[in-house]
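Just below is one structure, and these are the notes that go with it.
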Amino acid sequence: MAIRNIEHTWIPLPDGRRLAARIWLPTNAEASPVPAVLEYLPYRKRDLDRNKSEPAHVYAAARGYAGVRVDIKGTGESDGIINDEYEKQEQLDGLEILKWLAQQPWCTGAVGMRGISWGGFNSLQIAALNPPELKAIVTHGSTDDRYTDDAHYIGGSLGRANFEWGQLFMNVLSLPPDPELFGPGWRKEWLKRLEAVGPVTHKWMRHQRRDSYWRHGSVNEDYSRIKCPVYAVGGFVDVYTNTVPRLLENLSVPRKGLIGPHGHNVPDEAEPGPAIGFFHEEVRWWDHWLKGIDTGIMDEPMLQVYIQENVPGQVYPDPVPGRWVGERTWPSDRIMDRTYYLNATGLAEMPAAEEAITLAPDQTVGLSNQAFLPFDMKTELPRDQSDDDNKSLVFDSDALAEDIEICGHPLVKLALSVDKPVAKVAVRLNEIRPDGSSWYVTAGLLNLTHRNGHAEPEALLPGDVYEIEVPLNVIAYRFKKGHRIRVSVSESYWPQVWPSPEGVELTVRTGVSRLVLPERPAASNDLENLDFTDPAPYDRSVITPTVAGDKKQELTGPDENGRYQVRTLSDSGGLLINAIGTEMRLLSEWISTIEKTDPNSSNWSGYFSIELKRGDWDIKTLSNFDLTSDKTNFHISTDLVVYEKNSVIFSKEWKDSIPRDLA
């Protein structure tokens, strides 16, 4: 089907503001109206996000849909100011967008929403407002709980991704409208944005428990508010994938879920592979719910999941071996618990005598798995875990007599004690190969002061024994015959999370602590070896590299002062968007350092920068952050410098000491 692209149009709002939109339409849509599919993001439809959002909309438009990509207020060419993630006004503006779309002469009145990451978040949030125009959504790489499953906190502990994402976000907030689209008032609008920019990471750090700030926009506060069908998508290398089974379990609307082997990207461009043609699956979903065509998609398994037979870090860049399988419902009554006890001699299906084993503090556990959310698979996937295992309490099974296949959330139940009032526990589930190498399968982490919930942390009593449950991230995996299963337990998990205020001695009671695996039995043929279409080809020559990029990660240490350092560099290189003549470049560097014995020696620092150039329009934003701590406070500084034609037009610095709230 022939299509046309509307590069830019305005969507008027009742208060006089305008939102900027890009639209793809079948050429005959005015004569033969079509449903619309909205993607609603802050990442600038014209430049930064152009090559990411365009393929899905082009694919859908060629199959009878209007693909609509709208910039959130205060981003791209849209009027207004954005101060934070997922603001209420963003959601209210979304309702106005849906009304406007449904009223267009080229639209049938039926609208869907789609998106990965932010667009997946606000698809759920707007669906919870129950607008009549919204008939279905596809939410990918998103969360139903902004505290437990986002970039800020991991199990109640402060995550490094909070700052990496925060610096990127600050740069996006600081960019101007494109003069070619916005017109002569672009620079005045830009200066208004800059004056409104604040240090969002500082705000996030002031909410260290799950309070009303995080409850806003968390649809798990009331799943029943969502009335339209939901298709939830995730990948096992993505950190948002726990959302998929929770939505399937708790929603009452028609719903489907899909989890692949990939990271924070669409399955059509999966890394790690194998990729599938998910745009085709989306159109089948839209055909069913927006056009009333029975495509058979709702007759298929509720959950489709990729059972991995190896770990991505060992096989990349090759595709992860495995197969697609299905479960008719989720939770599945076919999945059965298989329990192993953490005995002093290892994992076993029968408990041994209870003993106490103690782990001395070591702040460097975690270096084998440094990235919370891997983007560069060459450098950021988990490596052989042996170094971290050697600094942890480890419990190994005997060599397996048969394959064991799991699907769901493994659970580790620990009887433990600590010698400090604030502590955490990290649990990794690994597979040990016959050569002795240890490979990461999944993990979980809990700030132990959050043992009774994230809303009201409680200090620990040193020496008291606590019964703790640590759910591990959802996984589908086959442990192979002849291999061994390993549970590794540590207090540190650096640099993914910030250390506890003091070095912690962790004691685990063996014989009563245990691992519960969600074992998946063999299934009937209709649930095994599911097949998908191949990804549709897309012309990536719309962007031309002009300067070579670079990505690398370096681990060094200990140096002469006993410090370890992780340095991650990412440079997109120069990227020319051929259709509009704009060249962009994104650069970042993150440095984490620590000493083995001192938790308050931890230092996270880094910068993020965005450059946009076209003719004499030459823009650069640069933000830096630095984080340290003592036993009672976090100390954070953030600055922002903005350039126009290599001259500084804006500069501001923020410094704060923020009390540690049992973190």
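Annotation: amide H of Leu506 within the under-5 Å range of Leu359, sequence separation 5 or more or interchain, hydrogens built in the peptide plane.
If you plug the beta carbon distance of Glu505 and Asn28 into 1/(1 + (r/R0)^6) with R0 = 60 Å, you get a FRET efficiency near 0.25.
For the range 450-526, trypsin sites (Lys or Arg not before Pro) are listed when DSSP marks them as loop and at most 12 other Cβ atoms sit within 10 Å of their Cβ; the list is Lys481. When peptides 336-345, 533-542 are ranked by their average number of other Cβ atoms within 10 Å per residue, the highest-first order is 336-345, 533-542. Within the chain, the percentage of alpha carbon pairs spaced more than 41 angstrom apart rounds to 27%. Checked against a 18 Å cut-off, the cross-linked pairs Lys45/Lys551; Lys192/Lys655; Lys45/Lys135; Lys378/Lys552 give Cα-Cα distances beyond that limit for Lys45/Lys551; Lys192/Lys655; Lys45/Lys135. Going from the fewest other Cβ atoms within 10 Å to the most, the residues Trp118, Trp286 appear in the order Trp118, Trp286. Over the chain, dividing the summed -39,500 (n - 2.57) contributions of all DSSP H runs of at least 4 residues by the number of residues returns a 222 nm mean residue ellipticity of -4500 deg cm²/dmol. So for the range 540-659, Kirkwood radius off the Cα pairs, Stokes-Einstein at 25 °C and 0.890 mPa s: how many µm² s⁻¹? For the chosen part, D equals 147 µm²/s.
Computed over every Cα-Cα pair of the range 336-522 and binned at 10 Å starting from 0, the pair-distance distribution P(r) comes out as 10, 38, 38, 14, 1 percent.
Here the chain is treated with +1 on each Lys and Arg Cβ and -1 on each Asp and Glu Cβ, and its dipole about the Cα centre works out to around 1260 debye.
Centroid-to-centroid, using Cα positions, the range 130-191 and the range 465-509 are 31 Å apart.
Residue by residue, the range 336-342 carries 3J(HN,Hα) couplings of 10, 6, 10, 9, 10, 8, 7 Hz when phi is fed to the Karplus relation 6.51 cos²θ - 1.76 cosθ + 1.60 (θ = phi - 60°); x denotes Gly or Pro.
Every Cα-Cα pair in the range 1-158 was counted, and those over 25 Å apart are 26% of them.
Selection among Leu622, Val641, Met584 by position relative to the dipole of the range 540-659 gives Met584 as farthest towards the positive end (Cβ unit charges, Cα centre). Need the C-alpha centroid separation for the range 345-418 versus the range 547-600, integer Å. Answer, in whole Å: 28.
Rounded to the nearest whole Hz, the Karplus-based 3J(HN,Hα) values (6.51 cos²θ - 1.76 cosθ + 1.60, θ = phi - 60°) of the range 361-375 follow the sequence x, 8, 6, 9, 5, x, 5, 7, 8, 7, 9, 5, 10, x, 10, with x at glycine and proline. How high is the FRET efficiency between Asn578 and Ser637 when r is their beta carbon distance and R₀ equals 30 Å, given to the nearest 0.05? Efficiency for this residue pair is about 0.15.
For the range 411-474, the C-alpha radius of gyration divided by 2.2 N^0.38 Å, with N the number of residues, is 1.31.
Note on the range 176-307: Cα-only Rg and Dmax are 20.0, 54 Å.
Normalised by the empirical 2.2 N^0.38 Å for globular proteins, what value does the Cα Rg of the range 381-425 take?
Numbers: Rg = 14.8 Å, N = 45, 2.2 N^0.38 = 9.3 Å.
Working it through for the range 381-425, the quotient is 1.59.
Here's the list of aspartates and glutamates a cross-link from Lys391 could span, going by alpha-carbon distance under 14 Å and ignoring same-chain residues fewer than 8 apart: Asp362, Glu491, Glu505. Here the Karplus curve 6.51 cos²θ - 1.76 cosθ + 1.60, taken at θ = phi - 60°, turns the phi angles of the range 581-592 into couplings of x, 9, 9, 10, 8, 10, 10, 8, 9, 10, 10, 10 Hz, with x standing for Gly and Pro.
Based on Cα coordinates alone, diagonalise the gyration tensor for the range 235-385, multiply each eigenvalue by 5, take square roots, and list the semi-axes in whole Å, largest first.
Output for the range 235-385: semi-axes of 35, 23, 13 Å.
About its Cα centre, the dipole of the range 138-223 is roughly 420 debye, where the only charges are +1 on Lys and Arg Cβ and -1 on Asp and Glu Cβ. Roughly how far apart, in whole Å, are the Cα centres of the range 20-99 and the range 615-634? After rounding, the separation between the Cα centres reads 30 Å.
Since every read-out is calculated from the coordinates, none of them should be taken as a lab result. The model shown is predicted, which means the values in this text are computed figures rather than measured ones. Note that we place each Cβ from the backbone using ideal geometry, even for glycine, and neighbour counts take in every protein chain shown.
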